[in-house]
1. Considering only the stretch 28-53, state which residues are hydroxyl-bearing (Ser, Thr, Tyr) and modelled with pLDDT of 95 or more.
2. When only residues in the stretch 60-82 that are part of a loop (DSSP other than H, G, I, E, B) and out of contact with any helix residue (DSSP H, G or I) (no Cβ under 8 Å at 6 or more places or on another chain) count, which is most open to solvent (accessible area, probe 1.4 Å)?
3. Return the residue satisfying two criteria in turn: it lies in the stretch 1-43 and is of a type in the set (A, V, I, L, M) and part of a helix (DSSP H, G or I), and of such residues it is nearest to residue 116 (Cα to Cα).
4. May I ask you to verify whether residue 98 is touching a helix residue (DSSP H, G or I) at 6+ places or on another chain (Cβ under 9 Å), under 14 Å from residue 7 (Cβ atoms) and in a helix (DSSP H, G or I)?
5. Would you be able to tell me the number of residues in the stretch 110-128 that are of a type outside the set (Asp, Glu), closer than 15 Å to residue 34 by Cα, in a helix (DSSP H, G or I) and open to solvent by 40 Å² or more (accessible area, probe 1.4 Å)?
6. Among the residues of the stretch 83-94, is any aliphatic (A, V, I, L, M), under 29 Å from residue 130 (Cα atoms) and surrounded by 18 or more Cβ atoms within 10 Å (Cβ to Cβ)?
7. Residues 56, 46: which one is more than 23 Å from residue 133 (Cβ to Cβ), basic (Lys, Arg) and assigned to a loop (DSSP other than H, G, I, E, B)?
8. Only one of these conditions is not met by residue 25: (1) surrounded by 15 or more Cβ atoms within 10 Å (Cβ to Cβ); (2) at pLDDT below 95; (3) not hydroxyl-bearing (Ser, Thr, Tyr). Which number is it?
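The values are calculated or read from the model by the stated rules, or taken from the named source; none is laboratory data. The structure presented is a predicted model; accordingly, all values stated were derived computationally and were not measured. All Cβ positions, glycine included, derive from the backbone under ideal geometry; neighbour counts span all protein chains shown. Areas reflect the complete protein model, heavy atoms only, side chains present, ligands, DNA and RNA absent. Shrake-Rupley method; radii C 1.70, N 1.55, O 1.52, S 1.80 Å.
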Amino acid sequence: MATLDDVRRIALTLPEVAEVVDGHRGGVAWRTKKGLVVWERPPSGRDLEQLDALGRDWPDGVVVGVRVDGEQAKAAMLETYPRECFTIPHFDGYPAVLIRLQAIDLDLLSEAITDSWLLRVSLRTAKQWLSDRGLD
């Protein structure tokens, strides 16, 4: 089980990441100059209505969103990690998944946040970070 403190710790170890308060929903978010990496994502009233119409419920616990590399990556995350990841109608066509913090282990959370971050920094920064870790 992960917490927002774990999300914070992971996100803030990555270069160019800043913590902000999301103006739209008031939750905490971590972003680079290129956009959101990971953000707290409580349900809106509309989310709950849409899920109810689908016979689904919003999960218990804290939920965060992470950016993914397109619809194929999103589908793969949802299929591979159905207990940890989900989506809602609001995210249809948007390259992100929602993560149940109470269901995800720290290694997978770190991987998801890092993958999201790699999409939100310059190619130069990403290559240097990967190279520094022998992952290039």
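1. Step one: list which residues in the stretch 28-53 are hydroxyl-bearing (Ser, Thr, Tyr), which gives 32, 44.
Of everything in the stretch 28-53, just one residue is hydroxyl-bearing (Ser, Thr, Tyr) and modelled with pLDDT of 95 or more, namely 32.
2. If we filter the stretch 60-82 for residues that are part of a loop (DSSP other than H, G, I, E, B), which is where we start, we get 60-62, 68-70, 81-82.
If we keep only those that are out of contact with any helix residue (DSSP H, G or I) (no Cβ under 8 Å at 6 or more places or on another chain) too, we end up with 70, 82.
Details: 70: 26, 82: 85 Å².
Among those residues, the one meeting the criterion is 82.
3. Restricting to residues being of a type in the set (A, V, I, L, M) and part of a helix (DSSP H, G or I), the top hit is 11.
4. Answer is no for this residue.
5. 4
6. no
7. On the way: 46 fails: assigned to a loop (DSSP other than H, G, I, E, B).
Result of the check over 56, 46: 56.
8. (1)
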